[in-house]
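This is the structure I have questions about; it appears just below.
The values are calculated or read from the model by the stated rules, or taken from the named source; none is laboratory data. Since we're looking at a predicted model, the values are computed, not measured. Here Cβ is always computed from backbone atoms with ideal geometry, including for glycine, and neighbour counts include all displayed protein chains. What goes into the accessible areas is simple: the full protein's heavy atoms, side chains included, and nothing from ligands, DNA or RNA. Shrake-Rupley method; radii C 1.70, N 1.55, O 1.52, S 1.80 Å.
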Amino acid sequence: ADTVTTLSSSADTAVYGDSLVFTAYVGVAAPGAGSPTGTVLFYDGDLLLDSEMLTGTGIAVSDAIAGLSAGDHLITVSYLGDEDFASSVSSVMTITITPAAVTVTADAQSKTYGDPDPTLTYQITSGSLVGNDTFSGELTRVAGEDVGSYAIEQGSLALSSNYTLTY
């Protein structure tokens, strides 16, 4: 029997690192034909996100999917079919992931005239990094050797495009 697959999501937008839950419903074109069984595959373009089995009601819910990069994602679901029901693919759903906001603040430092500069360090004061994401680069300070105060600057400290970094 022919099937029709539809897709829904827990949200149309999310922040990088948030989880989304995708739900696929596989219905039959002919009333009373029974309920499809088997596997549905959730895709982001050509990238397989998840594989789930249909329940007895023709519904498959993906695990919470996190880690989609910032930007627009074209999500589809594909029902593979079984011995009684034909395969089908849902229409495309666009999900927008916005960058996560992270703020860092430099740790105050001091040094004695003539000594080398201390290592410039910082703390995340708002937001957080996802998974194994890391910073690249380092802080710098305004040049000078006279006694006084010197500003610590962001320098080359950066994050991937999945974040908006405020210093």
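Out of the stretch 24-71, which residues are more than 15 Å from Ser87 (Cα to Cα) and acidic (Asp, Glu)?
Asp44, Asp46, Asp50, Asp63 - these are the residues of the stretch 24-71 that are more than 15 Å from Ser87 (Cα to Cα) and acidic (Asp, Glu).
Something else: Cβ-Cβ below 7 Å, separation at least six or inter-chain, first residue in the stretch 142-159 and under 16 Å from Pro116 (Cβ atoms), second of a type in the set (Val, Ile, Thr): which pairs?
Close Cβ pairs (under 7 Å, with a partner that is of a type in the set (Val, Ile, Thr)) amount to Tyr150/Val142.
Output yes when any residue across the stretch 14-23 is among the aromatic types (Phe, Trp, Tyr), closer than 24 Å to Asp84 by Cβ and touching a Ser or Thr at 6+ places or on another chain (Cβ under 6 Å), and no when none is.
no
Could you say which residue among Pro31, Pro116 is closer than 30 Å to Gly155 by Cβ and either in contact with a strand residue (DSSP E or B) (Cβ under 6 Å, 6 or more places away or on another chain) or free of Cβ contacts under 8 Å to residues at least 40 places away in the same chain (or both)?
Of Pro31, Pro116, the one residue that is closer than 30 Å to Gly155 by Cβ and either in contact with a strand residue (DSSP E or B) (Cβ under 6 Å, 6 or more places away or on another chain) or free of Cβ contacts under 8 Å to residues at least 40 places away in the same chain (or both) is Pro116.
Any idea which residue in the stretch 127-141 is farthest from Ser69 (Cα to Cα), counting only those that are touching a residue at least 24 places away in the same chain (Cβ under 8 Å) and open to solvent by less than 60 Å² (accessible area, probe 1.4 Å)?
Arg141
If you don't mind, there's one more thing I want to ask. Conditions first: (1) within 20 Å of Asp18 (Cα to Cα); (2) exposed (fewer than 15 other Cβ atoms within 10 Å of the Cβ); (3) of a type in the set (Gly, Ala, Ser). Ser110 passes all but one, so which condition is the exception?
With respect to (1) within 20 Å of Asp18 (Cα to Cα); (2) exposed (fewer than 15 other Cβ atoms within 10 Å of the Cβ); (3) of a type in the set (Gly, Ala, Ser), Ser110 is out only on (1).
Return the residue satisfying two criteria in turn: it lies in the stretch 25-73 and is farther than 22 Å from Ala14 by Cβ, modelled with pLDDT under 90 and of a type in the set (Ser, Thr, Tyr), and of such residues it is surrounded by the most Cβ atoms within 10 Å (Cβ to Cβ).
For the stretch 25-73, the residue satisfying everything is Ser35.
Any residue that is without any contact (Cβ under 8 Å) to a residue 60 or more places away in the chain, over 30 Å from Tyr167 (Cβ atoms) and surrounded by fewer than 12 Cβ atoms within 10 Å (Cβ to Cβ) - is there at least one of those in the stretch 74-90?
Taking every residue of the stretch 74-90 in turn, at least one turns out to be without any contact (Cβ under 8 Å) to a residue 60 or more places away in the chain, over 30 Å from Tyr167 (Cβ atoms) and surrounded by fewer than 12 Cβ atoms within 10 Å (Cβ to Cβ).
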